[in-house]
Amino acid sequence: MPIHITLPRLGWSMEEGKFLAWLKRDGDAIKEGDPIFTLESDKAAQEVEAIDSGILHIPPNGPQPGDVIKVGHVLGYLLAEGESAPVSSAQVSNQAEEKAKDSGPKNLIHSPAPILLPTKTGTETPASPRARRAAKEHRVDLITLTPTGKGGRIRERDVLAASTNSMPTSTREVPITSMRRAIATRMVNSLSNTAPVTITCRCDATNLVALRQQLKAGGSSILPGFTDIIAKITASALHTHPMLTARWDTDRLLMPEQIHIGIAVDTDAGLLVPVLRDVVTTSLTAIAAQSRQLIEAARAGRLSAADMQGGCFTITNLGSFGIEAFTPIINYPEVAILGLGAIIWEPVSLEDGTLTSRQQMTLSLTFDHRILDGAPAARFLQTLRQRMEEPFAWLF
């Protein structure tokens, strides 16, 4: 009996995916575990393996690269030796159409549908010859116009004005990719399934900037970015305030054993969130190397679904765009997300009343109020701010 090859559900929210390519040809012998096609789903492209063995049969109406296909749709078949492929309903329909064509009358001439022009009703409307020509050209009914000419006569300008006002605004259709659709679904799910609250605080980033300048001057082969440094400090704060790493699971909370942090990456295809692993125990240099590798893979379209799974907290940075504060959306089913704003010079009054200039940044924390109250969230942000202002003790 033919074994159906169907589009699998590869993510909890996946309803469809983009078929990219067959990795085997029609008639190839397939073994269980062989990769047979690639699929883009939930913002990542990955190979799909066969769960049975047999001879691959790709039907004539099989999927083409770029086709968006629903979960469960039959893509092809695995056949036993000498077994015939099933005939799909689409093939039966095509055969019926061909048969109808062959048995029908020949040499029929199909006349194009008549073009319906606007017609005047009632009495003849006074209009200049040029106005009549313009009305015919632009398909404007003269009786609907308000004349401005002498004696109530319609002029050409009346027709052209009506034509311009009635013309639809030109638009350009932009197709929605499966990745954009996945992003949209995640955003809506987040807002539908959480009680998001955003709180902000100002952080003195002067020592943070000085630290990175020291690392740069040290000539390290891999220079950590601000997101890498802050991810490492954030992991230590999450270790002190573990409720921000929890997940709501029906009637219980799930707490991770390790702290994996997602970092939002802007790509041409859309926003992706690869995950840094075990940030608490991993060195800053190793985090920077891991981060660089994931960002390059994301922007080259080589990020796997596994690279984006397992996170318990997310950091998103819009500071490079000059954004000071914003309201990040929780990467559901996580509990919280941290937004990093731009680092800018600002005048600051010291305790002795002296006015000086310091580098400041805004931290924006969005958290799920179902799981976390405002005070615990504020305490986490307070801890994070204190550690960012004295970063050396929390990085090495």
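Values in this text are rule-based calculations from the coordinates and carry no lab data. It should be emphasised that the depicted structure is a prediction, and the values quoted were computed from it without experimental measurement. Here the Cβ positions follow ideal geometry from the backbone for every residue, glycine too, while neighbour counts run over all protein chains shown.
Taking a ≥ b ≥ c as the square roots of the eigenvalues of the alpha carbon gyration tensor, segment 3-88 is prolate, as a/c is not under 1.5 and a/b beats b/c. Summed over qualifying helices (DSSP H, 4 residues or more, each -39500 (n - 2.57)) and divided by its residue number, the chain shows a 222 nm mean residue ellipticity of -9000 deg cm²/dmol. As a calculated quantity, the FRET efficiency between E137 and A184 at R0 = 51 Å, using C-beta atoms, amounts to about 0.75. If R0 is taken as 51 Å, the Cβ-Cβ distance between T148 and V174 corresponds to a FRET efficiency of 0.80. I'd like the distance between the alpha-carbon centres of segment 360-396 and segment 181-214, rounded to an integer number of Å. Distance between centres, Cα-based: 11 Å.
Ordering V280, V68, T227 by the projection of their Cα atoms onto the charge dipole of the chain, which places +1 on the Cβ of Lys and Arg and -1 on the Cβ of Asp and Glu, puts V68 at the extreme positive end. The length gained on full extension between H239 and M255, counted as 0.36 nm times the residue separation minus their Cα-Cα distance, comes to 4.6 nm. When both segment 1-80 and segment 307-331 are represented by their alpha-carbon centers, they are found 34 Å apart. Label-to-label distance for S221 and V280 is 3.0 nm, based on points extended 7 Å past Cα in the beta-carbon direction.
Here the relative contact order of the chain, from alpha carbon pairs under 8 Å that lie six or more residues apart, stands at 15 percent. For helix 89-103, report the angle its Cα long axis makes with the longest principal axis of the Cα atoms of the chain; keep it between 0 and 90° and round to the nearest 10°. So the inclination is approximately 10 degrees. Non-local lysine pairs in the chain, meaning eight or more places apart or on different chains, with alpha-carbon distances under 30 Å, amount to 13.
Per residue, the average separation of C-alpha pairs within less than 8 Å and at least 6 apart gives segment 246-396 a relative contact order of 18 percent. Between 0 and 90 degrees, the angle of helix 178-193 with respect to the longest Cα principal axis of the chain falls at about 60 degrees. With both residues required to sit in the chain, DSSP beta bridges show an antiparallel share near 85%. To the nearest ten degrees, helix 206-217 and the longest principal axis of the Cα atoms of the chain are 90 degrees apart. Where is the GNM fluctuation largest for the chain (alpha-carbon springs, 10 angstrom cutoff): K136, K31, K70? In the Gaussian network model the winner is K136.
Across segment 321-396, the relative contact order, built from alpha-carbon pairs under 8 Å that are at least six residues apart, equals 27 percent.
Within segment 202-283, the proportion of C-alpha pairs whose separation exceeds 22 Å stands at 42%. With a Förster radius of 56 Å applied to the beta-carbon distance between Q382 and L23, the computed FRET efficiency rounds to 0.60. When its C-alpha radius of gyration is set against 2.2 N^0.38 Å (N residues), the chain gives a value of 1.49.
For segment 195-394, the Cα gyration tensor yields ellipsoid semi-axes of 26, 22, 16 Å (square root of five times each eigenvalue, largest first, whole Å).
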